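What follows is a set of notes on a single structure, which appears directly below.
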Amino acid sequence: MIKGHIHSLETFGTVDGPGIRFVLFMQGCLLKCQYCHNPDTWNLEGGKDMTLEEVLAEIEPYINYYRTSGGGLTVSGGEATLQAHFVAELFRAVKERWNLHTTLDTNGYNDGDKIKDLLDVTDLVLLDLKHINNEKHIKLTGKPNDRMLAMAHWLSDHNRPMWIRHVLVPGINTDEEDLLGLGRFIGGLNAVEKFEILPYHQMGIYKWEALKWTYPLEGVPSPTPEEVTRAYRLIEQGMKEVAADKTVAGLTS
């Protein structure tokens, strides 16, 4: 019997995809993001084992809310693709039983071809791009960003709908050239339905303290509204540059 390692669940999610959503947080992550507000999800051996039927039983009482709001099921983490087989079976089950919309929230640290079975039953991917600069990405997360960018290209090449999200951290990923570069990268992709900046917050510090870990971003403030507006402007500028280049290329070809 297939089981998933589950960290927690939320029955009334409103920020992880369209409509009202059931959000399932999977246990385990290979990234160690300095701003992570759920570091207790990192341990691959942690969490609670749940069968597919147990998860479905948690979803069923709220089906009408999800349907009438245009919502559905989002699987997040941790990193959901580390348990791709379980998540694929879950997505397949909610589609067969209730025709629910499925969303995968991922950092992209996987290979599109390896998790194609999961992506084939995924209606929307929330792709978190942490940093466009590889060296800074390694410092921020402990891993290079090549897999994340490759995943974005895979989704683009296969025309899979995605929302790209970017946590904005003052002094970490706010350099002008980095934001322009991120915009240029996004501008070169297909099927990006939405881009969203998530302002960094300190709400997860207590979890680091509970684990008796030193919080790496101690003293780093949340971005001001002006800093968020500037980031959107620069990223959109980068996206427009690519769009303009495409137009010129089309006119001259």
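The values are calculated or read from the model by the stated rules, or taken from the named source; none is laboratory data. Everything numeric in this text was worked out from a predicted model, so none of it was measured. Positions of Cβ are generated from backbone atoms using ideal geometry, with glycine treated the same way; all protein chains shown enter the neighbour counts. Accessible surface areas use protein heavy atoms only, side chains included; no ligands, DNA or RNA. Shrake-Rupley method; radii C 1.70, N 1.55, O 1.52, S 1.80 Å.
For Lys136, the lysines whose Cα falls under 19 Å of its own Cα, not counting residues fewer than eight places away in the same chain, are Lys32.
The charge dipole of the range 1-137, taken about its Cα centre with unit charges on the Cβ atoms of Lys, Arg (+1), Asp and Glu (-1) only, comes to about 200 debye.
Of the beta bridges in the chain, as assigned by DSSP with both residues counted there, near 25 percent are antiparallel. Return the FRET efficiency for the residue pair Glu96, Gln237: r is the Cβ-Cβ distance, R0 is 41 Å, and the value is rounded to the nearest 0.05. Efficiency at R0 = 41 Å is approximately 0.40.
Other residues lying with their Cβ under 15 Å from the Cβ of Gly108 contribute a combined charge of 0, Lys and Arg counting +1, Asp and Glu -1.
Summing charges over all other residues whose Cβ lies under 14 Å from the Cβ of Asp117, with Lys and Arg as +1 and Asp and Glu as -1, gives +1. For the cross-link pairs Lys95/Lys130; Lys194/Lys246; Lys194/Lys240; Lys139/Lys194, which exceed 22 Å when the distance is taken from alpha carbon to alpha carbon? In this structure, Lys95/Lys130; Lys139/Lys194 lie more than 22 Å apart at Cα. A simple count of charges around Pro199, restricted to other residues whose Cβ falls under 13 Å of its Cβ and scoring Lys, Arg +1 and Asp, Glu -1, yields -1. Computed with a 1.4 Å probe over protein heavy atoms only, the accessible surface of the chain comes to 48 Å² per residue. For the range 1-110, the set of GluC sites (Glu not before Pro) satisfying both a DSSP loop assignment and a count of at most 15 other C-beta atoms within 10 Å is given as Glu45. Only Lys, Arg, Asp and Glu carry charge here, each on its Cβ (+1 for the first two, -1 for the last two); on that basis the chain has a dipole of about 100 debye about its Cα centre. Under the definition of Cα pairs under 8 Å and six or more residues apart, what whole-number percent is the relative contact order of the chain? Dividing the mean separation by the residue count of the chain yields 17 percent.
Extension gain for Thr51-Asp157 works out to 34.8 nm (0.36 nm per residue, less the C-alpha to C-alpha distance). Protein-only accessible surface at a 1.4 angstrom probe places the residues Thr103, Thr174 in the order Thr174, Thr103, largest first.
Quick one: pull the percent of accessible area on the range 39-145 belonging to carbon and sulfur, 1.4 Å probe, ligands and nucleic acids left out. So the carbon and sulfur contribution to the accessible surface is 44 percent.
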